[in-house]
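Before any comments, here is the structure.
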Amino acid sequence: MSTPSFAHVLVVGDANPDLVLRGDLVPRFGQAEQLLDDAALLIGGSAAITAHGFARLGRPVSLVAAVGSDGLARPMLAELAAAGVRLRVFERAGRATGLTVVLSRPTDRAILTHLGTIPTLTGAEVRQVIAETPELRHVHVASLFLQPSLTRELPAALADARARSISVSLDTNDDPERRWQGVAELLPHVDVLLPNESEAMALAYAVTGNPVDGPVAAARALAAHGPLVTVKRGPEGALAVTPGGEVRAASGVPCEPVDTTGAGDTFDAAFLDSWLAGAPLEECLRRGVLAGAAAVLAVGGTAGQPSSHALNTVEPNTLEPNTLERS
Ligand SMILES: Nc1ncnc2c1ncn2[C@@H]1O[C@H](COP(=O)(O)OP(=O)(O)O)[C@@H](O)[C@H]1O
Ligand SMILES: [Mg+2]
């Protein structure tokens, strides 16, 4: 079990609701009305889900994000605030909030995203929030490739933060444009990089120019540029390579996933919460994997996120829906 630590975290990135529509149907054009089984407007956006994950673990956390003036983000912002996330939200007049519509049927999902205000967060706004949060000890950046202009301004902002003893982590998530640009410039300012397996391979190729053979090689190639690299491997768990080249791993937790939205973000929150508390790497990985598995047992990004108490007490081989009850 890790030592509690109250270092304040700022999560930077996307806060856009997920409209999850469930039903055993395929959408049909031609103006025929089809009835759904369920519809829910949930907390979405990797940064928002990660911030909620930190709050569930009892970690003091702020979220900086941009939303539109359409009110679409209001319910999820209220939910984040109620969970204990301090909101630093910039509202763009006349713009639409980013929105993801998830069409979910028993065997598959279609995911439709309108980026809206997601790419509008600026380096100046991130710097402003950092300057206004003197208790800040860690900055986590999410969904890098959805925010290309912020990406260009981040190296300088993160270098300044680290000069103030603020540590930095980065989960780029996927690059929808498959370019993977801007990461090489950021890596020297990052303490912990948290890609999933396919992202790790793509990032290693983008940074080194050479194809890599598997997740350990990818993590090694990226760790050579400075950060501790943690690779999330879905049902297989996760591994980490230190800047010194040491490899650690945690095996996955067998379970029947209900919805994998937010698994990686929930992993990030639990891993980083332990890392900030000074826990050994194996323990950080173990808690990240357990939290990720808990997240896939509930619909939406945040409903399955565990509390710190739940992570401390659960037996991984008994993990099933409701084991990590909200406590
Ligand atoms: N099908 C699954 N079964 C068990 N655990 C899972 C499953 N999918 C994800 N996880 C857990 O969530 C973590 C993050 O998921 P992963 O899919 O690797 O990341 P991302 O969501 O960023 O793509 C994994 O390390 C694992 O602990
Ligand atoms: Mg991810």
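Within the range 299-313, if we keep just the residues that are open to solvent by less than 20 Å² (accessible area, probe 1.4 Å) and on the phi < 0 side of the Ramachandran plot, the residue that is farthest from ligand 1 (Cβ to nearest atom) turns out to be SER307. For the range 88-102, the count of residues that are closer than 20 Å to ASP259 by Cα and free of Cβ contacts under 8 Å to residues at least 40 places away in the same chain is zero. Residues in the range 250-280 that are open to solvent by 30 Å² or more (accessible area, probe 1.4 Å) and within 18 Å of SER169 (Cα to Cα): TRP275, LEU276, GLY278, PRO280.
Among the candidates ALA270, ALA240, which residue alone is at pLDDT 95 or above, within 14 Å of ligand 2 (Cβ to nearest atom), aliphatic (A, V, I, L, M) and under 15 Å from ARG286 (Cα atoms)? Residue meeting the stated conditions: ALA270. Looking across the range 281-298 at every residue that is more than 25 Å from LEU41 (Cβ to Cβ) and among the hydrophobic types (A, V, I, L, M, F, W, C), the one that is surrounded by the fewest Cβ atoms within 10 Å (Cβ to Cβ) is identified as LEU281. Kindly establish whether PRO188 is exposed (fewer than 14 other Cβ atoms within 10 Å of the Cβ), touching a residue at least 12 places away in the same chain (Cβ under 8 Å) and either within 16 Å of ligand 1 (Cβ to nearest atom) or assigned to a helix (DSSP H, G or I) (or both). Yes: the conditions hold for PRO188.
For VAL247, the criteria (1) aliphatic (A, V, I, L, M); (2) open to solvent by 30 Å² or more (accessible area, probe 1.4 Å); (3) under 25 Å from ARG178 (Cα atoms) hold in every case but one, which is (3). Annotation: of all residues in the range 174-185 being within 15 Å of ligand 1 (Cβ to nearest atom) and open to solvent by 50 Å² or more (accessible area, probe 1.4 Å), the one that is nearest to the chain's Cα centre (by Cα) is ASP174. The residue pairs whose first member lies in the range 200-223 and is touching a residue at least 12 places away in the same chain (Cβ under 8 Å), whose second member is of a type in the set (D, E, K, R), and whose beta carbons are closer than 6 Å, counting only pairs six or more residues apart or on different chains, are PRO215/GLU197. Only one entry of ALA55, ALA131, ALA51 meets the criterion of being among the aliphatic types (A, V, I, L, M) and closer than 25 Å to ALA39 by Cα, and that entry is ALA51. On the basis of being outside any loop (DSSP other than H, G, I, E, B) and among the small types (Gly, Ala, Ser), does SER149 make the cut? Spelling it out, SER149 is indeed outside any loop (DSSP other than H, G, I, E, B) and among the small types (Gly, Ala, Ser).
How many of the residues making up the range 201-244 are basic (Lys, Arg) and open to solvent by 60 Å² or more (accessible area, probe 1.4 Å)? Write out each step before concluding.
Of all residues in the range 201-244, those basic (Lys, Arg) come to 220, 232-233.
Keeping just the survivors that are open to solvent by 60 Å² or more (accessible area, probe 1.4 Å) gives 220, 233.
Going through the range 201-244 one residue at a time, the tally reaches 2.
I'd like to know if the range 3-20 contains one or more residues that are modelled with pLDDT under 95 and in a strand (DSSP E or B). Yes, because at least one residue in the range 3-20 is modelled with pLDDT under 95 and in a strand (DSSP E or B).
Here's the yes/no breakdown for (1) modelled with pLDDT of 95 or more; (2) surrounded by fewer than 17 Cβ atoms within 10 Å (Cβ to Cβ); (3) more than 14 Å from VAL12 (Cβ to Cβ):
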{"residue": "LEU99", "(1), (2), (3)": "yes, no, yes"}
{"residue": "PRO119", "(1), (2), (3)": "yes, no, no"}
{"residue": "THR122", "(1), (2), (3)": "yes, yes, no"}
{"residue": "GLN128", "(1), (2), (3)": "yes, yes, no"}
{"residue": "LEU136", "(1), (2), (3)": "yes, no, no"}
{"residue": "HIS140", "(1), (2), (3)": "yes, no, no"}
{"residue": "SER149", "(1), (2), (3)": "no, yes, no"}
{"residue": "LEU154", "(1), (2), (3)": "yes, no, no"}
{"residue": "ALA161", "(1), (2), (3)": "yes, no, no"}
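The values are calculated or read from the model by the stated rules, or taken from the named source; none is laboratory data. Just so it is clear, the structure is predicted and the values come from calculations on it, not from any experiment. Using ideal geometry, Cβ is built from the backbone for each residue, glycine included, and neighbour counts are taken over all protein chains shown. We work out accessible area using only protein heavy atoms, side chains counted, and drop any ligands, DNA or RNA first. Shrake-Rupley method; radii C 1.70, N 1.55, O 1.52, S 1.80 Å.
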